[in-house]
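What follows is a set of notes on a single structure, which appears directly below.
The values are calculated or read from the model by the stated rules, or taken from the named source; none is laboratory data. Being a predicted model, the structure only gives us computed values, none of them experimental. Backbone-built Cβ (ideal geometry, glycine too); neighbour counts: all protein chains shown. Calculation scope for accessible area: heavy atoms of the full protein, side chains included, ligands and nucleic acids excluded. Shrake-Rupley method; radii C 1.70, N 1.55, O 1.52, S 1.80 Å.
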Amino acid sequence: MKIVKALSIAVTTAILTAGSVLGVTVAEIRDLSFDDLESVGFTLKKGAEINIDALGIRVPLSRDLVAYAWIIDSDSRELVWEMRSSRTDRYRGSKVLRGQEDVEFLDAGSYELYFSVKNKTGWSGRKKVGFFDMLGIIFDGDYDDEISRRDVGECYVELTSDELSASDIDEFRPDGGFPDALVRHNQLGDSEYLTTGFSLSKSMNLRIYALIEFPESNKTPVDYAWIIDADTHKKVWQIDRWDLEHAGGGDKNQLYDDEVMLEKGTYVLHMVSDDSHSWEEFNVNPPYDPLNWGLTVLPGKNFDKSAFEIVEIPGRGEPLIEFTRVRDNRYYEQSFKLSQVTDLQVYAIGEMDHGGRDFVDYGTIMEAGTGQVAWEMTHRNTEHAGGAPKNMMFDGVITLEPGTYTAYYVTDGSHSSRRWNASAPFDADAYGLSIYAEGKGTPKGFELVDEKDLWEGTDILARITRVGDNEHRRARFELKEDTQVQIYALGEGSSGRMYDYAYIVDLDSGRDIWEMTWRRTDHAGGADKNRLFDDEILLRKGEYEVVYVSDDSHSFGDWNSSPPRDAVNWGVTLSLAD
């Protein structure tokens, strides 16, 4: 795609009699090609009626123009005029060329004229050709799937006025405006990640003007921005889907334009884009204000310039736990103990499956004694991490109660450090899980725990986890009295049958007294065949053996489809019920 360029304004005067001026060309754009996005800026020293003559293209059986012009106010960045399919007419019998003539009064001020031409990859709104469409094609001949370069070359937009002279018009090169901008991350390209640190010496409002991509089928934007408090690492602002409005062009072009109030402090602004549809090349019709694709921070209503300063971004400090640059089919774990309520910074980057429902590379923190999830990466608490849409990130503060925990990170067999099968996330070296103190140093009451010491003093009766293919593992335990036992077991099952499963044997009688069946289990996340049993049973006083059996596929460390949420506990854990 050609970079937007400012075309010189052709200002011509038609003189039919000595000294009589009939009209002047205010601005025009011609000589277009596929995937052009052209612009020209003009300033009117006085208000006047402007005659607009434009010729664009509409793909047959489409609701939208794919070659068209529009005008925005250069100061407010708001739309002034645009070609609309419903207001165009067929041009000289062409099946694709559409003309529009309008008269608009423009006040004195600065304006930007744009013309966009999308190639076939950018055609939007194309509907499926049905029976009645075909009848229309047969009888009206209103269909031609080919748009030639000649068609595109005929497109143009010309603004003229009978009320202006050449001296009433100045030309300029559009740059997106906003001379008072505090931070500009505009003209954002594919797979970009930009950060800016700033400090406020007193509370104030900042205006955020952002143009982003938010596909209708997504729950979150794929181009995204947020602000964190540099001291607490807590997120203080993020783009909220409910505060967005259509930005013109393709439906996924969205605009955020609002003020946010920030307290005195130091902050970090983050801006990230995915691997397509950006200033580099819009793959559907561009927004009305393409030069500001990205994010701009502007003064708010109570802004004090003397209290605002751009600063170097503070570091996170040394990690308490770090699993980074993680590769395919890896598993990491580290246990830790907290003696008091503690806030921890968690920074995790992982991969979602193709359906956008579950993670296949992800981090989890679990209660060591109960196997319950204390924190995990989910679709709701993560945002796009740059690059391919499946790259997702959690960057925030979590609060944990006193207790013993284990942090895990698990990957499947593709798309990880050094072997990306799609665009890498913006912070590829941090792929994995890192945990930091909320402030600097090590938090009070934090202690790393070796795995061999992990189960001492807990209510665990027996534990068989991280089970691989073709395993048959056993663990014995004894109960001194009748006891309610919590069973937490993950396995593989489908069509009413279990293939990786657990069962319990009463050693006194030699009978199986409990078995993990498909009917007794629930979905465990990931592939449908991942099954979970999490419930209590009453066991009489005596000696028991828990057994876990796996088949020759889909197990810990070698999943043949999406793993469960709690992959590291694939197997069975028995503990005293609460």
- prompt: What number goes with the only condition from (1) open to solvent by 50 Å² or more (accessible area, probe 1.4 Å); (2) modelled with pLDDT of 90 or more; (3) not in a loop (DSSP other than H, G, I, E, B) that L22 does not pass?
  reply: (2)
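Here's the yes/no breakdown for (1) without any contact (Cβ under 8 Å) to a residue 60 or more places away in the chain; (2) over 30 Å from H415 (Cα atoms); (3) open to solvent by 10 Å² or more (accessible area, probe 1.4 Å):
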site: D528; (1), (2), (3): yes, no, yes
site: L532; (1), (2), (3): yes, no, yes
site: V546; (1), (2), (3): no, yes, no
site: F556; (1), (2), (3): no, no, yes
site: W559; (1), (2), (3): no, no, yes
site: V568; (1), (2), (3): no, no, no
site: G571; (1), (2), (3): no, no, no
- prompt: Does any residue of the range 501-512 turn out to be touching a residue at least 12 places away in the same chain (Cβ under 8 Å) and in a loop (DSSP other than H, G, I, E, B)?
  reply: yes
- prompt: Quick check: anything in the range 333-340 assigned to a loop (DSSP other than H, G, I, E, B) and crowded, with 19+ Cβ neighbours inside 10 Å?
  reply: no
- prompt: Yes or no: S165 more than 26 Å from K118 (Cβ to Cβ), among the polar types (S, T, N, Q) and surrounded by fewer than 21 Cβ atoms within 10 Å (Cβ to Cβ)?
  reply: yes
message: It is to be established whether one or more residues within the range 59-67 are open to solvent by 40 Å² or more (accessible area, probe 1.4 Å), within 30 Å of the chain's Cα centre (by Cα) and of a type in the set (D, E, K, R).
response: yes
query: So, of the residues in the range 305-332 that are over 27 Å from the mean Cα position of the chain (by Cα) and hydrophobic (A, V, I, L, M, F, W, C), which turns out to be surrounded by the fewest Cβ atoms within 10 Å (Cβ to Cβ)?
result: A307
field: Residues of the range 199-219 satisfying the condition of being in a loop (DSSP other than H, G, I, E, B) and either open to solvent by less than 20 Å² (accessible area, probe 1.4 Å) or in contact with a strand residue (DSSP E or B) (Cβ under 6 Å, 6 or more places away or on another chain) (or both)
entry: F214
task: Would you check which residues across the range 280-304 are buried (at least 21 other Cβ atoms within 10 Å of the Cβ), part of a loop (DSSP other than H, G, I, E, B) and among the polar types (S, T, N, Q) and list them?
output: N285
- prompt: So, in the range 89-131, of the ones that are polar (S, T, N, Q) and either under 31 Å from the mean Cα position of the chain (by Cα) or at pLDDT 95 or above (or both), which residue ends up surrounded by the most Cβ atoms within 10 Å (Cβ to Cβ)?
  reply: S116
query: If you scan the range 234-252, which residues turn out to be touching a residue at least 24 places away in the same chain (Cβ under 8 Å), open to solvent by 20 Å² or more (accessible area, probe 1.4 Å) and assigned to a loop (DSSP other than H, G, I, E, B)?
result: K234, L244, G249, D251, K252
- prompt: Out of all the residues in the range 498-510, which are surrounded by 14 or more Cβ atoms within 10 Å (Cβ to Cβ) and of a type in the set (D, E, K, R)?
  reply: D500, D506
query: Restricted to the range 220-233, and to residues that are part of a strand (DSSP E or B) and farther than 21 Å from P389 by Cβ, which residue is nearest to the chain's Cα centre (by Cα)?
result: I227
message: Taking the conditions exactly as written (in contact with a strand residue (DSSP E or B) (Cβ under 7 Å, 6 or more places away or on another chain) and hydroxyl-bearing (S, T, Y)), does S335 satisfy them or not?
response: yes
message: When the residues of the range 168-180 are narrowed to those that are charged (D, E, K, R) and closer than 15 Å to I29 by Cα, which ends up surrounded by the fewest Cβ atoms within 10 Å (Cβ to Cβ)?
response: R173
query: Restricting to strands (runs of 3 or more DSSP E) lying wholly in the range 26-126: which have 1 or more residues that are more than 30 Å from I208 (Cβ to Cβ) and among the charged types (D, E, K, R)?
result: 48-58, 97-106
message: If a residue must be outside any strand (DSSP E or B) and either open to solvent by less than 40 Å² (accessible area, probe 1.4 Å) or closer than 22 Å to G41 by Cβ (or both), how many such residues does the range 253-279 contain?
response: 4
- line: Expected output for the range 453-480 (first residue farther than 23 Å from D578 by Cβ, partner aliphatic (A, V, I, L, M) and part of a strand (DSSP E or B), Cβ below 6 Å, 6+ apart or cross-chain) is H472/V549; R473/I464; R474/V547
- line: Within the range 134-161, the count of residues that are assigned to a loop (DSSP other than H, G, I, E, B), at pLDDT 90 or above and exposed (fewer than 15 other Cβ atoms within 10 Å of the Cβ) comes to 0
- prompt: What about A348, is it closer than 14 Å to I321 by Cα and in contact with a Leu (Cβ under 9 Å, 6 or more places away or on another chain)?
  reply: yes
- request: Name every residue in the range 521-555 that is within 29 Å of the chain's Cα centre (by Cα) and not in a strand (DSSP E or B), in order of residue number.
  value: A524, G525, G526, A527, D528, K529
